[in-house]
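The values are calculated or read from the model by the stated rules, or taken from the named source; none is laboratory data. What you are looking at is a predicted structure, and each value in this text was computed from that prediction instead of being measured. Neighbour counts run over all protein chains shown; Cβ positions are idealised from the backbone, glycine included.
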Amino acid sequence: MTYVVTENCIKCKYMDCVEVCPVDCFYEGENMLVIHPDECIDCGVCEPECPAEAIFPDTAPGLDQWLKLNAEYAQVWPNIVAKHEPLADAEAFDGQPDKFEKYFSPNPGHGDGGGQSTQRRGNCRPESRCGRPVLGSWVDSAK
């Protein structure tokens, strides 16, 4: 399982989710964020932090297109690890229907020059799987 950023992030990009992510798996587009599905550790701390309620577990129905979009753009957009200001007109666009067709931009955002985290920040909920090793570290321990 992974978490997925969906349509309501478009033209909002609040970034509260970025601030709490223990593995820095968010990537920034011009007008929305995405989660890298292979880097997300399924901890769920981002979901309740999103003011736009645009983040869901990929097990929620009807998210196949959003999972594909997150995976595709996480490969080409820059990583973002620090919260920045939301888009200036975020409140006006929050909750508007059909934002993908009207406003989605494939252009990358600015990112913040941060890299992928290799350490947890201790923000995980007790029922989460945040205790899993960071991707790659399990390979070394299996040798």
*For residues that are farther than 20 Å from Glu101 by Cα, small (Gly, Ala, Ser) and surrounded by fewer than 18 Cβ atoms within 10 Å (Cβ to Cβ), tally how many sit in the stretch 35-72.*
1
*So, of the residues in the stretch 16-27 that are out of contact with any strand residue (DSSP E or B) (no Cβ under 7 Å at 6 or more places or on another chain) and under 25 Å from Ala92 (Cα atoms), which turns out to be surrounded by the fewest Cβ atoms within 10 Å (Cβ to Cβ)?*
Asp16
_Options Pro57, Pro37, Pro61, Pro106: the member that is at pLDDT 95 or above, more than 18 Å from Met1 (Cβ to Cβ) and not aromatic (Phe, Trp, Tyr)_ = Pro106
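With at pLDDT below 95 and of a type in the set (D, E, K, R) as the only criterion, which of Glu127, Glu91, Glu101, Glu72 stands out? Please lay out each step first, then the result.
Working: Glu91 fails: at pLDDT below 95; Glu101 fails: at pLDDT below 95; Glu72 fails: at pLDDT below 95.
Answer to the check: Glu127.
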*Working carefully through the options Ala54, Ala88, find the one that is in contact (Cβ under 8 Å) with a residue 24 or more places away in the chain, among the hydrophobic types (A, V, I, L, M, F, W, C) and out of contact with any Lys or Arg (no Cβ under 6 Å at 6 or more places or on another chain).*
Ala54
*Taking Lys99 as the residue in question, decide whether it is under 12 Å from the mean Cα position of the chain (by Cα) and among the basic types (Lys, Arg).*
no
*Identify the single condition in (1) within 13 Å of the chain's Cα centre (by Cα); (2) modelled with pLDDT under 95 that Glu85 does not satisfy, given that it satisfies every other one.*
(1)
_Can you report the number of residues in the stretch 51-80 which are under 10 Å from the mean Cα position of the chain (by Cα) and assigned to a loop (DSSP other than H, G, I, E, B)?_
2
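Yes/no per residue for (1) farther than 15 Å from Lys83 by Cβ; (2) in a loop (DSSP other than H, G, I, E, B); (3) in contact with a Pro (Cβ under 9 Å, 6 or more places away or on another chain):
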site: Val4; (1), (2), (3): yes, no, yes
site: Asn8; (1), (2), (3): yes, no, no
site: Glu19; (1), (2), (3): no, no, no
site: Pro22; (1), (2), (3): no, yes, no
site: Asn31; (1), (2), (3): yes, yes, no
site: Glu39; (1), (2), (3): yes, yes, no
site: Asp42; (1), (2), (3): yes, yes, yes
*Across the stretch 34-47, which residue is nearest to Gln75 (Cα to Cα) among those that are touching a helix residue (DSSP H, G or I) at 6+ places or on another chain (Cβ under 7 Å) and without any contact (Cβ under 8 Å) to a residue 60 or more places away in the chain?*
His36
